[in-house]
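Got a structure for you, written out below as structure tokens; questions coming shortly.
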Ligand code: ACO
């Protein structure tokens, strides 16, 4: 038997309000054409007044648990990636824990900005593989609109709000292909010397204010293309695979041109790339699980598919992960309903 971390469910949530490029063009000197051509973004969802990151995360978490056929009582750990917490402390994950009623789960936040979900996935995977937890809820949630300078056209057009979550479940699998299921590997990197390329000009210890996003777009772009390419290569090499083994690329949704550059590198047609940037813009830590959940629910990503996730953001922090989605039993049933039976609880 081999201990695996299976990804058996996902959920997401977007605030109701949609803000189009045209609406932004009425506020700052920009245009739908410029935004679409440079970024691929057509609209973004923006949280309502009083709607907090924890509210978005709670809805995504509930949906992910329901999808996995589990309850909040089954959850041992909540790892939440966010850069827009409800408060400086306590961790926003603690609010989600209370909201969903995951009474015995321990819960904490991970801060790796746009790469946050990949970091949180790696953290949770390690808890499960080491036997410290059996079921993990991994969430990426943001109200990025709250830290934007709405007068700065070079940043305010790029981001949106949203949340995505996945359920990981430890399983002891046997059989010849047991090791090919679940989270196959994760790879994380940081370059703190490039942190001025993208940062927030505030914080509890520096200014005592929350601050706003500041970015050197060209520099971030340059780093993104080279660093994501390198971590994709690293991920495939670690698994002894070539790009042809990957069924789906679920990239961080920052800029359509960066996404296309990764697809080219993998020699993947865009039909194999989950791209939701046109409707969601960049939702930071939420972007990968949001796109992943949409593709699971519309039937593109199926149990047994090999999915490559990658992201880069402020820090700079970046990473990638390779996942074979679902559990072996889901291949037969086509649903997650029966996945629970196959999962061997840790004693
Ligand atoms: N509308 C109209 N014009 C604009 C806007 C706007 N919203 N924003 C900037 N411009 C202008 C600039 O002022 C500049 O004008 P100038 O030539 O008169 O000086 C011109 O457009 C070109 O600006 P650049 O910054 O050179 O445009 P570029 O082609 O680099 O595109 C962009 C900018 C889209 C930000 C790009 O650099 C990018 O996507 N970088 C990656 C950054 C990113 O994705 N950040 C997200 C967070 S990190 C992450 O998630 C990876």
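I need 193, 20, 5 ordered by Cβ neighbour count within 10 Å, fewest first.
Neighbour counts put them in this order, fewest first: 193, 20, 5.
Can you work out the PRE-style zone for residue 18? Point 7 Å along Cα to Cβ, and I want the residues of the range 30-61 with backbone N under 11 Å.
42-45
Sticking with this one: Can you give the Rg to Rh ratio for the chain, taking only C-alpha atoms and Rh from Kirkwood?
Radius of gyration over Kirkwood radius for the chain works out to 0.95.
Counting other C-beta atoms within 10 Å, which of 142, 16, 260, 310 has the fewest, and how do the rest follow? Intermediate results must be reported in sequence, preceding the final value.
Numbers: 142 32, 16 9, 260 15, 310 26.
The fewest-first ordering by Cβ neighbours comes to 16, 260, 310, 142.
Let me ask something else about it. Between 220, 113, 210, which gets the highest mean-square fluctuation from a Gaussian network model of the chain, Cα cutoff 10 Å?
Of 220, 113, 210, the Gaussian network model singles out 210 as fluctuating most.
Please report how far the C-alpha centroid of the range 149-177 lies from that of the range 266-330, rounded to the nearest whole angstrom.
Comparing the Cα centres of the range 149-177 and the range 266-330, I get a distance of 8 Å.
Suppose the chain between residue 27 and residue 1 were pulled fully straight at 0.36 nm per residue; how much longer would it get relative to their current alpha carbon spacing?
That works out to 3.4 nm of additional length.
Moving on to the next point. Over what distance in Å are the Cα centres of the range 112-132 and the range 213-265 separated?
Each part's Cα centre sits 19 Å from the other's.
While we're looking at this one, here's another question. Determine the percent antiparallel among the DSSP beta bridges restricted to the chain, to the nearest 5.
The antiparallel proportion sits near 75 percent.
Moving on to the next point. Ranked from highest to lowest mean number of other Cβ atoms within 10 Å per residue, what is the order of the peptides 269-281, 286-298?
The peptides rank, most packed first, as 286-298, 269-281.
Something else about it: In deg cm²/dmol, rounded to 500, what helix-only [θ] at 222 nm does the chain give when every DSSP H run of at least 4 residues adds -39500 (n - 2.57) and the total is split over its residues?
After summing the helix terms and dividing by the residues of the chain, the value is -9500 deg cm²/dmol.
Note the angle between two axes, namely the Cα long axis of helix 116-129 and the longest principal axis of the Cα atoms of the chain, as a number of degrees from 0 to 90, rounded to the nearest 10.
20
Bear in mind that the values in this text are calculations on the coordinates, not laboratory data. The model shown is predicted, which means the values in this text are computed figures rather than measured ones. No Cβ is skipped: glycine too gets one built from the backbone with ideal geometry, and neighbour counts run over all protein chains shown.
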